[in-house]
Every structure is written in structure tokens, then in C-alpha cells.
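Chemist: Would you mind keeping the following structure in view while I ask a few things?
What follows is calculated from the coordinates using simple rules that are stated; it is not laboratory data. Every value quoted in this text rests on a predicted model; they were computed, and no experiment measured them. Neighbour counts run over all protein chains shown; Cβ positions are idealised from the backbone, glycine included.
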Amino acid sequence: MDITTDDVTVLAYPAYALITCRLVYRWIDDKAAFLDRIRRILAPGGVLWVVTEIAGRRTATNPALQKLGISPLDIELLTTGWSCVRTADLDVLRCYALWP
Ligand SMILES: C[S@@+](CC[C@H](N)C(=O)[O-])C[C@H]1O[C@@H](n2cnc3c(N)ncnc32)[C@H](O)[C@@H]1O
């Protein structure tokens, strides 16, 4: 399904203990709406696990690759409003564990 436009009410909710989002957040246009939708379907105590490239970390000069990272604004949007946020860095990537 398209998580930003399809009807998420067809999914059981709040039912998902773990939602993973690897190399996807960068491609979501309306990130605020996306995060609202994820929060609705996460079970109490559930976790959103996001893996994403961070802007400015890649040393390659190819401009197309430079655009794969998320901006500080995207990071703020991603990490605001959760009761707990933990991160781990992996080279150009960062992993986020986010609890409602
Ligand atoms: C770079 S691929 C990553 C695929 C996979 N998660 C991985 O880590 O190998 C980006 C993925 O984001 C998905 N995607 C982008 N926008 C989406 C949306 N609005 N709803 C659902 N999936 C989306 C695409 O279908 C694509 O599979």
C-alpha cells in the first residue's frame, strides 16, 4: 500500500508492535502526515524503527547521491513528539528507535 495516500483504517489498529522504515523516510513527501499515520497503527509500547541516510555524511561527489540524506528539519520532524528516541550511527546512515 501507499502509506501516505491509501486508507490505513483497513489495517488493524493500534496493532503493530514494530514498524520498520528502512531507506523510505527520505522519499515520503508529507512526512508529518506519514508520522501521524504510523502513530495511529503502532500498538501501545510499540516502536518505529527508521534507518535513513543523514545529509552531509556522504563523501562522494555525485550530486544525485548527496540528495539521499535527510535534512536537520526532517530529523526534527522525525524525532519530535515521541516519549523516547534512541539512535545509532552506521557510517552515512542513522538508525532511530522511536516510542510513542
Ligand atoms: C530505497 S527503497 C528501500 C527498500 C527497502 N526498504 C530496503 O531497505 O531495501 C525505497 C522504498 O520506499 C518505498 N516507498 C516510498 N514511498 C512510499 C510510500 N508512500 N508508501 C509506501 N512505500 C513507499 C518504495 O516502494 C521503495 O520500496
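Chemist: What is the distance in Å between the Cα centres of the range 1-15 and the range 16-60?
Modeler: So the two Cα centres are separated by 15 Å.
Chemist: How much length would be gained if the chain were fully extended between ARG26 and THR59, taking 0.36 nm per residue of separation minus their Cα-Cα distance, in nm to one decimal?
Modeler: 10.0 nm is the gain from fully extending ARG26 to THR59.
Chemist: For the chain, what is the calculated [θ] at 222 nm in deg cm²/dmol (nearest 500), taking -39500 (n - 2.57) for each run of four or more DSSP H residues and dividing by its residue count?
Modeler: After summing the helix terms and dividing by the residues of the chain, the value is -6000 deg cm²/dmol.
Chemist: Placing unit charges on C-beta atoms (Lys and Arg positive, Asp and Glu negative, everything else neutral), compute the dipole magnitude of the range 13-99 about its Cα centre in debye, rounded to 20.
Modeler: 120 debye
Chemist: What's the Kirkwood radius of the chain in Å, using all Cα pairs?
Modeler: After inverting the mean inverse Cα-Cα distance, the result is 14.2 Å.
Chemist: How would you rank VAL50, VAL92, VAL10, going from fewest to most other Cβ atoms within 10 Å of each one's own Cβ?
Modeler: Fewest-to-most Cβ neighbours within 10 Å comes out as VAL10, VAL92, VAL50.
Chemist: Place a point 7 Å from Cα of MET1 in the direction of its Cβ. Which residues in the range 11-26 have their backbone N less than 12 Å from it?
Modeler: 11-16
Chemist: Rounded, prolate or oblate: which fits the range 10-64 when a ≥ b ≥ c are the square roots of the eigenvalues of the alpha-carbon gyration tensor, with rounded for a/c under 1.5 and prolate only if a/b beats b/c?
Modeler: prolate
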